[in-house]
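The values are calculated or read from the model by the stated rules, or taken from the named source; none is laboratory data. Since we're looking at a predicted model, the values are computed, not measured. Note that each Cβ is placed from the backbone with ideal geometry, even for glycine, and that neighbours are counted across all protein chains shown.
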Amino acid sequence: MDGAITIHVRWKGGIIMRMVSGRRAFLEILRQEGVRYIFGNPGTTELPLMDGLVDYQDIHYILALQEGVAIGAADGYAQASGNLGVVNVHVAPGLGNAMGMLYDAYRAHTPLLVTAGQQDQHLQLSEPLLWADLVEMARPLVKWSYEVRTLRDLPVIIRRAIKTALTPPTGPVFLSLPMDVLY
């Protein structure tokens, strides 16, 4: 499989190894962590994630009309359920729109995994339209902020992000997900 990694998938009968794409690795880990909802407002850089959700009918994408609403809904869900809230926004404008509600989640110590699609890494040096350093944008309002650079690192980074969000004092974390890593 082109652009795939080996991922260890835990299930009741043991551990199996599979070759998977970035989007499948991301969604498989969310499934293993018990995530059932992703709140978001996607754009073109999130197409790999949206395509992958077709095979994960137990994970529901809750579409919000604006990113602040997506963060607010995930914040409310996480506080009411005690589960990790997962949010997906579109590049710099989406993260910018989400910042007010992200501040509220940070102050409330709400465990959120906030992700934003990012431009293909090959394009970043030319600073394409809607590009920004998302990690630095998010850093003041989260416990941990990171950009996934390679498919090989994706599973470790996602697990670290989730663990960080859920470790007291709980709070939001941020991951920038370049489009080429998710394909």
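Within the group ALA92, ALA98, ALA78, ALA74, which residue is outside any strand (DSSP E or B), under 13 Å from the mean Cα position of the chain (by Cα), surrounded by 15 or more Cβ atoms within 10 Å (Cβ to Cβ) and aliphatic (A, V, I, L, M)?
One residue alone meets the criteria, ALA74.
Please count how many residues of segment 33-54 are within 12 Å of the chain's Cα centre (by Cα), assigned to a loop (DSSP other than H, G, I, E, B) and over 16 Å from GLY94 (Cα atoms).
Within segment 33-54, residues that are within 12 Å of the chain's Cα centre (by Cα), assigned to a loop (DSSP other than H, G, I, E, B) and over 16 Å from GLY94 (Cα atoms) number 1.
Taking segment 102-156, which residues are over 17 Å from VAL181 (Cα atoms), assigned to a helix (DSSP H, G or I) and out of contact with any Pro (no Cβ under 8 Å at 6 or more places or on another chain)?
TYR103, ASP104, ARG107, ALA108, SER126, GLU136, MET137, ALA138, ARG139, PRO140, listed by residue number.
May I ask you to say which residue of GLY171, GLY100, GLY117, GLY96 is among the small types (Gly, Ala, Ser), closer than 24 Å to ARG23 by Cβ and in contact with a helix residue (DSSP H, G or I) (Cβ under 8 Å, 6 or more places away or on another chain)?
Only one candidate qualifies: GLY117.
Checking ALA165 against (1) at pLDDT 95 or above; (2) in a loop (DSSP other than H, G, I, E, B); (3) crowded, with 17+ Cβ neighbours inside 10 Å, which test does it fail?
ALA165 satisfies all of (1) at pLDDT 95 or above; (2) in a loop (DSSP other than H, G, I, E, B); (3) crowded, with 17+ Cβ neighbours inside 10 Å except (2).
Evaluate the following for GLN57: is it out of contact with any helix residue (DSSP H, G or I) (no Cβ under 9 Å at 6 or more places or on another chain) and either in a helix (DSSP H, G or I) or modelled with pLDDT of 95 or more (or both)?
In short, yes.
Any chance segment 7-20 includes a residue that's farther than 23 Å from GLY94 by Cα, of a type in the set (Gly, Ala, Ser) and at pLDDT below 90?
Looking for residues that are farther than 23 Å from GLY94 by Cα, of a type in the set (Gly, Ala, Ser) and at pLDDT below 90, one finds at least one in segment 7-20, hence yes.
Given the condition more than 18 Å from ILE158 (Cα to Cα) and modelled with pLDDT under 95, answer yes or no: does some residue in segment 77-88 qualify?
Looking through segment 77-88, none of the residues is more than 18 Å from ILE158 (Cα to Cα) and modelled with pLDDT under 95.
Picking from LEU84, LEU125, LEU112, LEU154, which residue would you name as being free of Cβ contacts under 8 Å to residues at least 40 places away in the same chain and among the hydrophobic types (A, V, I, L, M, F, W, C)?
Testing whether each residue is free of Cβ contacts under 8 Å to residues at least 40 places away in the same chain and among the hydrophobic types (A, V, I, L, M, F, W, C) leaves just LEU125.
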